[in-house]
Amino acid sequence: MNIPYRRFSEYQPVDIAKLRPGGSYKQLIEKRTHPIDELVRMHGRIPDDLLQPRNCPTCGSADAGPEIDKDHMRIVRCRACDLVYTSPTFDDAHYMEVYASQEYQDIVRDLGIKSHEYRVERFGRERVGIMARHLEAARPRFLDVGCSTGFVVEAARDAGWDATGTDLNPSAIEFGRSRGLDLRTVALDDAGFEAASFDAVSLFDVLEHLIDPNETLRSCVRLLRPGGIVFLYVPNYDSASRLLMGKDAHFIWPTHHLNYYTPATIRDLLARHGLETAYVATEGLDIVDYLWYRREVHGATDAGVEPIADLLQFFINAGAYGKNLRAIGRKPR
Ligand SMILES: [Zn+2]
């Protein structure tokens, strides 16, 4: 696997005050287990009959060993392909309910809508720039699946692309539409998009939430023209965040995060869909999250780390141990 050589001059810091306005991040962490809080209050755990074991979501094997227990749920590692995933899980109907719930709408409103403009500038333009380097079309046709408020769709539109987004969160879509974006509240397979009609399809922070990521990825690949790309963002299981905080790393969130990829297992996933890996990189927030955790959970100040946080994060990114994993797969021509 090729990991791109990174230069510090290209490092872009993240303004955490703009990304996570007010107490929105603390609220996210505090409300983390809201779908199971009532169950645990009543039963002391999640009743077995609500959970279903599942096979490996990449390779289908049923042979998995224990990895981590957290929030009354279990995370395992596939002995066949090494993917780490939550099993057992709730059923589809449960997750549909969670993501349509008022609590989740509130999380998205606080984290997503208030920071939309910052996300367009800082993340939307960066993601469009990365895709542009892997595309030849002068005006690419782009679909963002699970687009939230449409901050990447907006950056793509501003770059002159033909950009569309879908999401199941009505308040996020409504906000994006108010900014003139072509966003739709519809499931991907119900959207009626023509096969082989897009140059790029993205899944940002989507795959880790799905019981059957293969089904969604298959639909995305079907929508791609020959030579088109799929752009994935998922949490990186083999990240500095996990090495520093263990199972306290925030992204280890088994009530919501069902699949935990690494640079190796994401590349394996792309290959199983007939895609060539064109790009793999990771990007931080490990050190910022670590300092937050040390301060909020342990009351520690870590004064010496703060001034070198960006530099440390750069080293982590350069070594492909950043918390956010990005991968581009290309459909054969
Ligand atoms: Zn597997």
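The values are calculated or read from the model by the stated rules, or taken from the named source; none is laboratory data. Quick caveat: nothing in here was measured; it's all calculated off a predicted structure. Note: ideal-geometry Cβ built from the backbone for every residue, glycine included; neighbour counts use all protein chains shown. Note: areas computed on protein heavy atoms with side chains; ligands, DNA, RNA excluded. Shrake-Rupley method; radii C 1.70, N 1.55, O 1.52, S 1.80 Å.
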Largest fluctuation, Gly299, Gly228, Gly176 only, Gaussian network model of the chain with Cα springs under 10 angstrom, belongs to Gly299
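Only Cα pairs under 8 Å and at least 6 apart count here; give the relative contact order of the chain as a rounded whole percent. If you can, show how the numbers build up before the last one.
Details: 589 pairs, mean separation 56.7, N = 333.
Normalised by residue count, the contact order of the chain is 17 percent.
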In the neighbourhood of Thr58 defined by beta carbon distances under 15 Å, the net charge of the other residues (Lys, Arg +1; Asp, Glu -1) is -1
A 1.4 Å probe over the protein heavy atoms gives region 189-333 a carbon and sulfur accessible-area percentage of 51
For Lys26, the lysines lying under 29 Å Cα to Cα, once residues fewer than eight places off in the same chain are dropped, come out as Lys18, Lys70, Lys114, Lys247, Lys323
In terms of the alpha carbon gyration tensor, root eigenvalues a ≥ b ≥ c, rounded if a/c is under 1.5 and otherwise prolate when a/b exceeds b/c or oblate, region 195-284 is prolate
Diffing region 233-238: the Karplus 3J(HN,Hα) column from phi (6.51, -1.76, 1.60, θ = phi - 60°), in whole Hz with x for Gly and Pro, holds 10, 9, x, 9, 4, 8
Between the modelled labels at Arg32 and Glu136 (7 Å from Cα along Cα→Cβ) the distance in nm is 4.7
Cα extents of the chain per principal axis, largest first, Å, are 55, 48, 42
Surrounding charge for Lys70, neighbours by C-beta under 14 angstrom, Lys/Arg +1, Asp/Glu -1, total +1
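Does region 48-87 come out rounded, prolate or oblate by the C-alpha gyration tensor, with a ≥ b ≥ c the root eigenvalues, rounded set by a/c under 1.5 and, if not, prolate when a/b is larger than b/c and oblate if not? Display every interim value, and only then the final one.
Numbers: a/c = 2.59, a/b = 1.46, b/c = 1.78.
Oblate is the answer for region 48-87, as a/c is 1.5 or above yet b/c matches or exceeds a/b.
Under the classification rounded if a/c is under 1.5, otherwise prolate if a/b is larger than b/c and oblate if not, where does region 1-40 fall, given a ≥ b ≥ c as square roots of the Cα gyration tensor eigenvalues?
Values: a/c = 8.31, a/b = 1.92, b/c = 4.32.
Oblate shape, in that a/c is at least 1.5 and b/c is the bigger or equal ratio.
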Hits in region 263-290: amide N under 20 Å from the 7 Å Cα→Cβ extension of Leu243, namely 263-267, 280-290
From DSSP H assignment alone, runs of 4+ in the chain each adding -39500 (n - 2.57), the sum over residues rounded to the nearest 500 puts [θ] at 222 nm at -9500 deg cm²/dmol
Net charge (Lys, Arg +1; Asp, Glu -1) of residues whose beta-carbon lies under 12 Å from that of Ala278, Ala278 excluded, is +4
Simple spin-label estimate for Tyr11/His72, 7 Å along Cα→Cβ, in nm, reads 4.2
